[in-house]
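*Asks:* The structure that follows is given in the form of structure tokens.
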Protein chains: 4
Amino acid sequence: MPNSFGKLFTITTWGESHGPAVGVVIDGCPPGLPLAAGEIQAELDRRRPGQSDIVTPRKEEDRVEILAGLFEGRTTGAPISMMVRNTDQRPRAYDDMREKFRPSHADFTYQEKFGVRDHRGGGRSSARETIGRVAGGAVAKKILAAAAVETRAFVTQVHDIVAPASALGNFPTLAEVDATAVRCPHPATAAAMIERIKAVRSEGDSVGGVIECRVRGLPAGLGEPVFDRLEADLAKAMLSLPATKGFEIGSGFSGARLKGSEHNDAFVSRDGRVRTATNRSGGVQGGISNGEELVFRVAFKPTATILQPQKTVDIHGTETELVARGRHDPCVLPRAVPIVEAMTALVLVDHWLRHSAQNRTFKF
Amino acid sequence: MPNSFGKLFTITTWGESHGPAVGVVIDGCPPGLPLAAGEIQAELDRRRPGQSDIVTPRKEEDRVEILAGLFEGRTTGAPISMMVRNTDQRPRAYDDMREKFRPSHADFTYQEKFGVRDHRGGGRSSARETIGRVAGGAVAKKILAAAAVETRAFVTQVHDIVAPASALGNFPTLAEVDATAVRCPHPATAAAMIERIKAVRSEGDSVGGVIECRVRGLPAGLGEPVFDRLEADLAKAMLSLPATKGFEIGSGFSGARLKGSEHNDAFVSRDGRVRTATNRSGGVQGGISNGEELVFRVAFKPTATILQPQKTVDIHGTETELVARGRHDPCVLPRAVPIVEAMTALVLVDHWLRHSAQNRTFKF
Amino acid sequence: MPNSFGKLFTITTWGESHGPAVGVVIDGCPPGLPLAAGEIQAELDRRRPGQSDIVTPRKEEDRVEILAGLFEGRTTGAPISMMVRNTDQRPRAYDDMREKFRPSHADFTYQEKFGVRDHRGGGRSSARETIGRVAGGAVAKKILAAAAVETRAFVTQVHDIVAPASALGNFPTLAEVDATAVRCPHPATAAAMIERIKAVRSEGDSVGGVIECRVRGLPAGLGEPVFDRLEADLAKAMLSLPATKGFEIGSGFSGARLKGSEHNDAFVSRDGRVRTATNRSGGVQGGISNGEELVFRVAFKPTATILQPQKTVDIHGTETELVARGRHDPCVLPRAVPIVEAMTALVLVDHWLRHSAQNRTFKF
Amino acid sequence: MPNSFGKLFTITTWGESHGPAVGVVIDGCPPGLPLAAGEIQAELDRRRPGQSDIVTPRKEEDRVEILAGLFEGRTTGAPISMMVRNTDQRPRAYDDMREKFRPSHADFTYQEKFGVRDHRGGGRSSARETIGRVAGGAVAKKILAAAAVETRAFVTQVHDIVAPASALGNFPTLAEVDATAVRCPHPATAAAMIERIKAVRSEGDSVGGVIECRVRGLPAGLGEPVFDRLEADLAKAMLSLPATKGFEIGSGFSGARLKGSEHNDAFVSRDGRVRTATNRSGGVQGGISNGEELVFRVAFKPTATILQPQKTVDIHGTETELVARGRHDPCVLPRAVPIVEAMTALVLVDHWLRHSAQNRTFKF
């Protein structure tokens, strides 16, 4: 099921950017969770186009409708089906692309794979597919919240503007993250990032960056020793997002430059619990959460759609030039923040159920 | 099945470092593939301890026995079962660790998860688990070879010694990679890496590094648009390996510093095929292979086991000091090269079968 | 994913009888299949309430809406999402049951499992859930039709009225099956069945029966040797339907009374192909289709909802009497015929893709 | 993974009858379960050839070796790997069959599917494959026993000899079942069955029959509402066994002849629990266990291998006659009893873990 994610807490997303609707089915949700459409909507609003002056001005309202899985305001254990109708479709905007492959887009590879060319836009590769992820992740976040687990993603880099590490020492609040349109909790850096995004937009260009995500309150024991390591499933979750090119946890690529004596996290005893003095592991050891803060980062490439002329090839194999039109994000990171949180929450709830099944069901 | 990997071409690994044996079951292998134990053994020998003077001197012979799945030298479509007996077990070496958690190891988190403490060694977190992966990957590589697809991993960084990008322009041959004990195909860099590894070993310390992997000959069309993107499954595969902390494909983290106009891979027409002028995508667009070379990198932390005294806590919660013993790799990268190749091949064969099933079975 | 069925061609159904809608997501559909809503609708109309005077008179129109997965009248390889809005909800009809467990219904076990009591009706156990299966099966049937495979289910028994075996010697046409409201292709038996159904309905009672399903045109080679035998997956598919109590393939339970010399299907050579002289195997040997007609039967119990007073217990544990109301089928079999066909087609397409993946992708 | 069974508690079996060994990997076993090889062996001895004078006289000792997953006599949560070496291989016995398809065997369909002909014997279709199931099931039975759940299968019919229903009213003890070689707990019927089996064997023929399985102590709540109904997964488990042709639960096929007023199980209040007065449901309602005894039956065809001459076709398509040799069971049922129990236990533990994961992990 290539459009499903998770083993026990599973989402299946469906829908294309230019079809009637997009949606998600959540399977395996624990029963009894209080849930209201407004809670889903709040998360969707964080990824919605048009929310600020540095994202795409498309006017999608993205109203969620819950079609199944609730009774008297609580989940029943049955599948939760949610749908968002597509409204702002402007197929005209894509006419020039009817026969030209867009550089670093998915249309060439989709045609190679499926033998079908939907020239109207991204189809399943559209960022609209992530609506289903965010809606599903909103339910997962609610479950985590009930267990006092908090997930917080934020932008740490846009182009070559990097938030100072010292500024990110504490776990940022949601308010701090959402205080600026760019979702970097360090105000001075955020201002520079916004300026940069506006500058590249005015050139018809785009920029990428890095999102960091942290989770606190997670118990030790989540994850599996071998293939389904917690960091492996997080890496898959993040690299499954459009425009991502890299993932690192804890010390990440910079950890490759340390010696073992510098990298190891010494164990200490604190408040009657085994803790680590440092957290280069990023909250995971041997594939399993160790009770420390989960910390990882995701690299995003610059948006592929730019308004400058680009060399390309058309479906007849002829070299040509493409001048893209349409309303696109000059930088996807601000809207990707809630998506990173959603995927993180989905991984964590899934592993929590898996852990509980094997290790908490029977006592011998 | 937390000990299985793959959807159609699946491996299930089993066994602990201090148990009687380790092994793997391959399920879903196409029938008719010529296969001999010697071909599996050749790959196992590349990850074997004691193969050079910069890896652990443990004397494991790692003889593979094929227990099922072959008839008259060819696969039958039935599960292929392979086993390697453990021989060089020295539980004595671990006596000091019987009650002390090893920093940045898996023993604390395993105990938190399973409630069991196997003090004898790594158990499933041991690098011996990867024997099953390499044996399974050897079969996958054979399938790819029959389709003229080549997978080549090699070391590009050890500690702060980095092979010059210019030196890696061509697809290195296996002979070039295996020419030095450190498996970096740039001889001058390899010499420096080996010197560094010996230096840190003499200090009782360890180092990490980076492995790059490239695949050539891959057809366009492998991968899935949404969750099971080729890069997502590769990221999961790599982060499922012990000691890995990061993954990046194509431009990776450095791509976050480029503008769209710099990052996009222009399409060109070459030899009647649609190709890209550059390869910042790393061979994957929209989650699907585009026919260019697949290029990704994996970050490894320094080996957690070092021979210097370390602060830790024992199972009673008392802070103490651990002085590790045993014979460990001061740097895991040389032996990790065949493991990275194995996991890559497993991902690719699995996606090849999936792609073929959906898109090549029926004609309408 | 308890609400999903199939490994490569997968359906996920969602929705409750008294919620806003029911639906299905098909994942893994081959691209390029011509598909129109009318084709789905035709199958739904065969399972629709109110279609004859021997089924429930509820007035559900069951209009299908295709929300995703098509482009210019063909499947794209993306998930196909289909939805049917619920219209004829009469929660009032169920008021008496608010606190009483309905005998041989699912409400007691659902409450034990999920801790939730949705008194409004069947919830996920409602026959409305099968709308998604029929819609998904309609796509599978279309794929099979393109490969010249035909699936035909029909009623062979209602209560103790059994169609004579001699009357079912040929593969019935769809017209023959749908000629009568009870969907038994033997007219004299059909008339008696209809009379019996009307008689028990007038008593406020219900009856069960048996459906036979045959498939012709199926190639040899579908199915798996061990757990996923074709008959095993068909058995699961059928026992997953509401009200089913038994499954048998080929000789079935009566085969237990034969000797091997009577039961074995001798191989013969016919038209240059290996065929069997008889078909007690039911088209499957060693779990794999042998190219003969697939033949199996499914037993259905009488509808649990009857209009006679019944002893039961309420949610407080007090013994009481229940007098059910509502509009129910006195016999589910006529409407179950298209559902049996749908599940059969889903199993076959899934196995076809699986077979092709492992055995037709690579040539060595 | 066609050679795996179960979603959370999973077995993967491997090995052919004429290869070096057969085995099983259990994945997802809860940690802490006390387990000894002798307990596995005891179950294997119940399915072993040569155990009585009515089963095949082959002299396979079937010694199990536990290769992984235990530490100090308890499961660790890691995969449990078990192996049995094949010893009594007599390939000579099969020489006549080198080129002839055996009627109602798997060799024709395997060749059609995989393109490979292993003439030496059953390969994966051999009953030896069930050794892995029995070994895996032994672990599952041990888990159930710790929760006071008992699984008991027994023979109720051989050929046309049927144990009287009245004789099976109570839950038979293991001793009663194993008291006779035929494993029918009604002594008079057992004697007649044994006589019949010896009679057909002397004719070079074979017989089939029916096995009933009951489970007591099962809590309400196991199973899923839609596709993964408990009876659906049991049906799949049973139809995945060699030689099975039918499955029915509770009233089964005879339930099709009852009216709803006769079939429904009235709820009653007993000892403070909601119980049913009768058990035509067979312990499952709406796909979920209701706390009553689980009761189902499985039909087995007569053994396909008989020693009388049979018409068949050879691999060149020429019609010919086959005279089978070898040592085969004239009736598979006595040895199938522990296999039915094993598959039942596997289904139940798997569903128990699934139920617990979704419904017992989080409290809201």
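*Asks:* Give, as residue ranges, the strands (runs of 3 or more DSSP E) completely inside the stretch A:195-303 that count at least 2 residues that are over 22 Å from A:V347 (Cβ atoms) and basic (K, R).
*Replies:* Numbers: elements: A:209-216, A:244-249, A:267-270, A:273-276, A:294-300.
Hits in the stretch A:195-303: A:273-276.
*Asks:* Going by what's in this entry, would A:T109 be described as facing another protein chain (nearest Cβ under 7 Å), in a helix (DSSP H, G or I) and buried (at least 18 other Cβ atoms within 10 Å of the Cβ)?
*Replies:* Values: facing another protein chain (nearest Cβ under 7 Å): yes; in a helix (DSSP H, G or I): yes; buried (at least 18 other Cβ atoms within 10 Å of the Cβ): yes.
The answer is yes for A:T109.
Conditions tested, residue by residue: (1) of a type outside the set (S, T, N, Q); (2) touching a residue at least 24 places away in the same chain (Cβ under 8 Å); (3) surrounded by fewer than 15 Cβ atoms within 10 Å (Cβ to Cβ).
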| position | (1), (2), (3) |
| --- | --- |
| A:A36 | yes, yes, yes |
| A:L44 | yes, yes, no |
| A:G50 | yes, no, no |
| A:E60 | yes, yes, no |
| A:V64 | yes, yes, no |
| A:P79 | yes, yes, no |
| A:M83 | yes, yes, no |
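*Asks:* Yes or no: A:R124 surrounded by 24 or more Cβ atoms within 10 Å (Cβ to Cβ) and out of contact with any helix residue (DSSP H, G or I) (no Cβ under 7 Å at 6 or more places or on another chain)? Break it down into steps so the answer makes sense when it comes.
*Replies:* Values: surrounded by 24 or more Cβ atoms within 10 Å (Cβ to Cβ): yes; out of contact with any helix residue (DSSP H, G or I) (no Cβ under 7 Å at 6 or more places or on another chain): yes.
Yes; evaluated as a whole, the condition is true for this residue.
*Asks:* Criterion first (surrounded by fewer than 15 Cβ atoms within 10 Å (Cβ to Cβ) and either of a type in the set (D, E) or at negative phi (or both)) does C:A192 satisfy it?
*Replies:* On the way: surrounded by fewer than 15 Cβ atoms within 10 Å (Cβ to Cβ): no; either of a type in the set (D, E) or at negative phi (or both): yes.
Taking the combined requirement at face value, the residue does not satisfy it.
*Asks:* Given the residues D:G73, D:G132, which is the only one that is within 12 Å of chain C (Cβ to nearest Cβ) and over 16 Å from D:A304 (Cβ atoms)? Step through it out loud before you land on a result.
*Replies:* Values: D:G73 fails: within 12 Å of chain C (Cβ to nearest Cβ).
Unique residue meeting the criteria: D:G132.
*Asks:* Follow-up question, since we're still on this one. Do we have any residue at all in the stretch D:221-232 that's in contact with a strand residue (DSSP E or B) (Cβ under 7 Å, 6 or more places away or on another chain) and without any contact (Cβ under 8 Å) to a residue 40 or more places away in the chain?
*Replies:* So far as the stretch D:221-232 goes, yes, one or more of its residues are in contact with a strand residue (DSSP E or B) (Cβ under 7 Å, 6 or more places away or on another chain) and without any contact (Cβ under 8 Å) to a residue 40 or more places away in the chain.
*Asks:* In the stretch D:259-277, which residues are of a type in the set (A, V, I, L, M, F, W, C), surrounded by fewer than 21 Cβ atoms within 10 Å (Cβ to Cβ) and facing chain C (nearest Cβ under 7 Å)? Don't jump to the end; show me each part of the working.
*Replies:* Let us first name the residues in the stretch D:259-277 that are of a type in the set (A, V, I, L, M, F, W, C), namely D:266-268, D:274, D:277.
From what is left, the residues that are surrounded by fewer than 21 Cβ atoms within 10 Å (Cβ to Cβ) are D:266, D:268, D:277.
The answer is D:A266, D:V268.
*Asks:* Being among the basic types (K, R) and under 29 Å from the mean Cα position of the chain (by Cα) is the requirement here; does A:R360 meet it?
*Replies:* Working: among the basic types (K, R): yes; under 29 Å from the mean Cα position of the chain (by Cα): no.
Considered against the rule, which asks whether it is among the basic types (K, R) and under 29 Å from the mean Cα position of the chain (by Cα), A:R360 comes out as no.
*Asks:* Which residue out of C:V24, C:V55 is at pLDDT 95 or above, of a type in the set (A, V, I, L, M, F, W, C) and under 19 Å from the mean Cα position of the chain (by Cα)? Walk me through it before giving the result.
*Replies:* Details: C:V55 fails: at pLDDT 95 or above.
Testing whether each residue is at pLDDT 95 or above, of a type in the set (A, V, I, L, M, F, W, C) and under 19 Å from the mean Cα position of the chain (by Cα) leaves just C:V24.
*Asks:* Only one of these conditions is not met by B:V337: (1) on the phi > 0 side of the Ramachandran plot; (2) crowded, with 22+ Cβ neighbours inside 10 Å. Which number is it?
*Replies:* Every listed condition holds for B:V337 apart from (1).
*Asks:* Taking the conditions exactly as written (modelled with pLDDT of 95 or more and either farther than 20 Å from B:R216 by Cβ or surrounded by 21 or more Cβ atoms within 10 Å (Cβ to Cβ) (or both)), does B:I288 satisfy them or not?
*Replies:* Values: modelled with pLDDT of 95 or more: yes; either farther than 20 Å from B:R216 by Cβ or surrounded by 21 or more Cβ atoms within 10 Å (Cβ to Cβ) (or both): yes.
When the stated conditions are applied, B:I288 passes them.
*Asks:* Something else: Can you tell me which residue is surrounded by the fewest Cβ atoms within 10 Å (Cβ to Cβ) among those in the stretch D:313-323 that are within 10 Å of chain C (Cβ to nearest Cβ) and part of a loop (DSSP other than H, G, I, E, B)?
*Replies:* D:H316
*Asks:* Only one of these conditions is not met by B:T130: (1) among the β-branched types (V, I, T); (2) under 20 Å from B:E248 (Cα atoms); (3) under 17 Å from the mean Cα position of the chain (by Cα). Which number is it?
*Replies:* Of everything listed in (1) among the β-branched types (V, I, T); (2) under 20 Å from B:E248 (Cα atoms); (3) under 17 Å from the mean Cα position of the chain (by Cα), B:T130 misses just condition (2).
*Asks:* Sticking with this structure for a sec: Within the stretch B:324-355, how many residues turn out to be closer than 30 Å to B:G255 by Cβ and in a helix (DSSP H, G or I)?
*Replies:* Quick first cut of the stretch B:324-355, residues closer than 30 Å to B:G255 by Cβ only: B:331-352, B:354-355.
Retained after the next criterion (residues that are in a helix (DSSP H, G or I)): B:333-352, B:354-355.
Going through the stretch B:324-355 one residue at a time, the tally reaches 22.
*Asks:* Would you be able to say whether some residue in the stretch A:210-227 is in contact with a Cys (Cβ under 9 Å, 6 or more places away or on another chain) and either surrounded by 24 or more Cβ atoms within 10 Å (Cβ to Cβ) or within 15 Å of A:A299 (Cβ to Cβ) (or both)?
*Replies:* At the first step, the residues of the stretch A:210-227 found to be in contact with a Cys (Cβ under 9 Å, 6 or more places away or on another chain) are none.
Scanning the stretch A:210-227 turns up no residue that is in contact with a Cys (Cβ under 9 Å, 6 or more places away or on another chain) and either surrounded by 24 or more Cβ atoms within 10 Å (Cβ to Cβ) or within 15 Å of A:A299 (Cβ to Cβ) (or both).
*Asks:* Do we find that A:V155 is part of a loop (DSSP other than H, G, I, E, B), crowded, with 23+ Cβ neighbours inside 10 Å and not aromatic (F, W, Y) in this structure? Spell out how you get there, then give the answer.
*Replies:* On the way: part of a loop (DSSP other than H, G, I, E, B): no; crowded, with 23+ Cβ neighbours inside 10 Å: yes; not aromatic (F, W, Y): yes.
For A:V155, the condition - part of a loop (DSSP other than H, G, I, E, B), crowded, with 23+ Cβ neighbours inside 10 Å and not aromatic (F, W, Y) - is not met.
*Asks:* Follow-up. Which residue pairs have Cβ atoms under 8 Å apart, sit 6 or more places apart or on different chains, and have a first residue in the stretch A:234-246 that is within 7 Å of chain B (Cβ to nearest Cβ) and more than 9 Å from B:R229 (Cβ to Cβ) and a second that is part of a loop (DSSP other than H, G, I, E, B) and hydroxyl-bearing (S, T, Y)?
*Replies:* Here the result reads A:K245/B:S251, each pair linking the stretch A:234-246 to a residue that is part of a loop (DSSP other than H, G, I, E, B) and hydroxyl-bearing (S, T, Y).
*Asks:* In the stretch D:217-233, which residue that is facing another protein chain (nearest Cβ under 7 Å) and of a type in the set (G, A, S) is nearest to the chain's Cα centre (by Cα)? First the steps, then the outcome.
*Replies:* Initial filter on the stretch D:217-233 (facing another protein chain (nearest Cβ under 7 Å)): D:220-221, D:224-229, D:231-233.
Now restrict to residues that are of a type in the set (G, A, S): D:220-221, D:232.
On the way: D:A220: 24, D:G221: 24, D:A232: 15 Å.
If we take residues in the stretch D:217-233 being facing another protein chain (nearest Cβ under 7 Å) and of a type in the set (G, A, S), then D:A232 is nearest to the chain's Cα centre (by Cα).
*Asks:* It is to be established whether one or more residues within the stretch A:241-249 are on the phi < 0 side of the Ramachandran plot, out of contact with any strand residue (DSSP E or B) (no Cβ under 6 Å at 6 or more places or on another chain) and crowded, with 21+ Cβ neighbours inside 10 Å. Steps first, please.
*Replies:* Filtering the stretch A:241-249 for residues on the phi < 0 side of the Ramachandran plot gives A:241-242, A:244-249.
Narrowing further to those that are out of contact with any strand residue (DSSP E or B) (no Cβ under 6 Å at 6 or more places or on another chain): A:241-242.
From what is left, the residues that are crowded, with 21+ Cβ neighbours inside 10 Å are A:241-242.
There is at least one residue in the stretch A:241-249 that is on the phi < 0 side of the Ramachandran plot, out of contact with any strand residue (DSSP E or B) (no Cβ under 6 Å at 6 or more places or on another chain) and crowded, with 21+ Cβ neighbours inside 10 Å.
*Asks:* Suppose the filter is touching a Lys or Arg at 6+ places or on another chain (Cβ under 9 Å) and within 14 Å of chain D (Cβ to nearest Cβ); does C:L8 pass it?
*Replies:* Taking the combined requirement at face value, the residue satisfies it.
*Asks:* Please verify whether the stretch D:201-216 includes one or more residues that are within 30 Å of A:P30 (Cα to Cα), touching a strand residue (DSSP E or B) at 6+ places or on another chain (Cβ under 9 Å) and either facing chain C (nearest Cβ under 7 Å) or of a type in the set (F, W, Y) (or both).
*Replies:* There is no residue in the stretch D:201-216 that is within 30 Å of A:P30 (Cα to Cα), touching a strand residue (DSSP E or B) at 6+ places or on another chain (Cβ under 9 Å) and either facing chain C (nearest Cβ under 7 Å) or of a type in the set (F, W, Y) (or both).
*Asks:* Would you confirm, using the coordinates I've provided, whether B:A148 is surrounded by fewer than 21 Cβ atoms within 10 Å (Cβ to Cβ) and not in a helix (DSSP H, G or I)?
*Replies:* On the way: surrounded by fewer than 21 Cβ atoms within 10 Å (Cβ to Cβ): yes; not in a helix (DSSP H, G or I): yes.
Spelling it out, B:A148 is indeed surrounded by fewer than 21 Cβ atoms within 10 Å (Cβ to Cβ) and not in a helix (DSSP H, G or I).
*Asks:* Same structure, new question: Starting from residues that are over 17 Å from A:T244 (Cβ atoms) and more than 7 Å from chain A (Cβ to nearest Cβ), keep the ones in the stretch B:291-312 and report whichever is surrounded by the fewest Cβ atoms within 10 Å (Cβ to Cβ). Let's see the steps before the verdict.
*Replies:* First, pick out the residues of the stretch B:291-312 that are over 17 Å from A:T244 (Cβ atoms): B:291-293, B:300-312.
After this cut, where a residue has to be more than 7 Å from chain A (Cβ to nearest Cβ) as well, the list is B:291-293, B:305, B:307, B:309.
Working: B:G291: 20, B:E292: 21, B:E293: 15, B:T305: 23, B:L307: 18, B:P309: 12.
Within the stretch B:291-312, the match that is surrounded by the fewest Cβ atoms within 10 Å (Cβ to Cβ) is B:P309.
*Asks:* Right, here's the next one. For residues that are more than 29 Å from C:H355 (Cα to Cα) and assigned to a loop (DSSP other than H, G, I, E, B), scanning just the stretch C:11-48, find the one that is farthest from the other protein chains (Cβ to nearest Cβ).
*Replies:* Across the stretch C:11-48, the extreme among qualifying residues is C:R48.
The values are calculated or read from the model by the stated rules, or taken from the named source; none is laboratory data. Source: prediction; values computed, not measured. Positions of Cβ are generated from backbone atoms using ideal geometry, with glycine treated the same way; all protein chains shown enter the neighbour counts.
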